[in-house]
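Take a look at the structure below.
Derivation of every value follows stated rules applied to the coordinates shown; laboratory data play no part. Small disclaimer: the values here were computed from a predicted structure and weren't measured. Glycine gets a Cβ as well: all are built from the backbone with ideal geometry, and neighbour counts include every protein chain shown.
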Amino acid sequence: MSDKRLAVISIIVEDRQKSAEINMLLSSFGDFVVGRMGIPYKEKGVSVLCVVVDAPAEIINTLTGKLGMLGGVTAKTLMSKI
């Protein structure tokens with residue numbers, strides 16, 4: 001595997017029914033998760049999560065892709081060069 005990268009995965013959850021699937025995915029990649037923060041935005045009916053990961057780029061991309069494939073979930077990544 002390639003060198004590790006520090007990244008933030010930003011997730012917007014429009015379908016709260018997907019919360020269990022999101023948590024299972026994050027848990028399965030738990031060795032790479034540095035921390036996470038979740039904010040319910042009740043006025044918009046969504047939740048916003050920020051997940052900090054330290055992992056090879058391939059792992060980060062895989063996790064982001066799996067999250068983004070869930071209906072009602074949008075995920076994007078900001079990856080550092082360190």
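List of remarks:
- Total lysine pairs in the chain at Cα distances under 17 Å, for residues eight or more apart or on different chains: 6.
- Normalised by the number of residues in the chain, the average gap of Cα pairs under 8 Å and 6 or more apart makes the relative contact order 49 percent.
- Note on the chain: helix-only mean residue ellipticity at 222 nm, from DSSP H runs of 4+ residues weighted -39500 (n - 2.57) and normalised by residue number, equals -8000 deg cm²/dmol.
- Dipole moment magnitude, nearest 20 debye, the chain about Cα centre, only Lys, Arg, Asp, Glu C-beta charged: 180
- Rounded to the nearest whole Hz, the Karplus-based 3J(HN,Hα) values (6.51 cos²θ - 1.76 cosθ + 1.60, θ = phi - 60°) of segment 12-27 follow the sequence 10, 10, 8, 10, 5, 5, 8, 4, 5, 5, 4, 5, 5, 4, 4, 5, with x at glycine and proline.
- Packing, as the average of other Cβ atoms within 10 Å across residues, places the peptides 38-44, 12-18 in the order 12-18, 38-44, highest first.
- What the phi angles of segment 61-74 give under the Karplus curve with 6.51, -1.76 and 1.60, with θ = phi - 60°, is a coupling list of 5, 5, 4, 4, x, 5, 5, x, 7, 6, x, x, 10, 10 Hz, glycine and proline written as x.
- Relative packing of peptides 54-60, 30-36 - highest average C-beta neighbours within 10 Å first: 54-60, 30-36
- Given the alternatives [x] 11.8, 40; [y] 12.4, 42; [z] 12.6, 49, Rg and Dmax of the Cα atoms in Å as computed for this entry is given by [y].
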